[in-house]
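**Q** First, the structure itself, so that you have it in front of you.
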Amino acid sequence: MQYLKLFHNDTEITESNPLSVGPLNASKNEVSEPLAVKLTVESGFSTYGDTTISFEGATSAKWSICDTEDGTYLETLTISDLVDATGVTFYVKAKATDDEQPCNDVSVKIKVEATIQAV
């Protein structure tokens, strides 16, 4: 059973349906607009303690995350509030840099670390 789920525009983010950003202009070191992502927990369960969200993969340093659309974007977000089936929305951005070739980079994954409990 997959307790945690991520959604963008009401569509679940999966390996076969990844979060898509861009295209971004690398020659201009372009940064994407913020994308709203919703984290939910399966009905009947919730998180316990802190939930940490970060990125992993070859170009993960080009991704950032924030709990508000217009706040300070960092490499990691820690959510102290309980996350349940209602969900919590956070925002992500990606950037392209002038040292990279145009490509469809699918190497980065959103990493969620949480303890799940029955409610």
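The values are calculated or read from the model by the stated rules, or taken from the named source; none is laboratory data. Computed from a prediction, not measured in an experiment: that's the story for all the values here. All Cβ positions, glycine included, derive from the backbone under ideal geometry; neighbour counts span all protein chains shown. Note: areas computed on protein heavy atoms with side chains; ligands, DNA, RNA excluded. Shrake-Rupley method; radii C 1.70, N 1.55, O 1.52, S 1.80 Å.
**Q** Looking at the stretch 80-91, can you tell me whether even one residue there is open to solvent by less than 90 Å² (accessible area, probe 1.4 Å), touching a strand residue (DSSP E or B) at 6+ places or on another chain (Cβ under 7 Å) and of a type in the set (Asp, Glu)?
**A** The answer is yes, given that some residue of the stretch 80-91 is open to solvent by less than 90 Å² (accessible area, probe 1.4 Å), touching a strand residue (DSSP E or B) at 6+ places or on another chain (Cβ under 7 Å) and of a type in the set (Asp, Glu).
**Q** Is it the case that ASP50 is assigned to a strand (DSSP E or B) and of a type in the set (Asp, Glu)?
**A** yes
**Q** Could you grab me the full set of residues in the stretch 55-108 that are over 22 Å from GLU42 (Cα atoms), in contact with a Leu (Cβ under 6 Å, 6 or more places away or on another chain) and β-branched (Val, Ile, Thr)?
**A** Passing the criteria: ILE65, VAL92.
**Q** Here's a follow-up. In the stretch 92-106, which residue that is more than 22 Å from GLU12 (Cβ to Cβ) and of a type outside the set (Val, Ile, Thr) is surrounded by the fewest Cβ atoms within 10 Å (Cβ to Cβ)?
**A** In this case the residue turns out to be GLN101.
**Q** Could you check the stretch 27-47 and list, in sequence order, the residues that are open to solvent by 20 Å² or more (accessible area, probe 1.4 Å), of a type outside the set (Asp, Glu) and not in a strand (DSSP E or B)?
**A** Matches in the stretch 27-47: SER27, LYS28, ASN29, PRO34, SER43, GLY44.
**Q** Quick check on the stretch 48-79: of everything there that is among the charged types (D, E, K, R) and either surrounded by 19 or more Cβ atoms within 10 Å (Cβ to Cβ) or touching a Lys or Arg at 6+ places or on another chain (Cβ under 8 Å) (or both), which residue is nearest to ASN25 (Cα to Cα)?
**A** LYS62
**Q** Now, a different point. Going by what's in this entry, would PRO18 be described as open to solvent by 50 Å² or more (accessible area, probe 1.4 Å), in contact with a helix residue (DSSP H, G or I) (Cβ under 9 Å, 6 or more places away or on another chain) and modelled with pLDDT under 95?
**A** Details: open to solvent by 50 Å² or more (accessible area, probe 1.4 Å): yes; in contact with a helix residue (DSSP H, G or I) (Cβ under 9 Å, 6 or more places away or on another chain): no; modelled with pLDDT under 95: yes.
No, not satisfied.
**Q** Here's another thing I want to ask about it. Can you confirm whether the stretch 65-85 contains a residue that is part of a loop (DSSP other than H, G, I, E, B), charged (D, E, K, R), without any contact (Cβ under 8 Å) to a residue 40 or more places away in the chain and within 12 Å of LEU39 (Cβ to Cβ)?
**A** The answer is yes, given that some residue of the stretch 65-85 is part of a loop (DSSP other than H, G, I, E, B), charged (D, E, K, R), without any contact (Cβ under 8 Å) to a residue 40 or more places away in the chain and within 12 Å of LEU39 (Cβ to Cβ).
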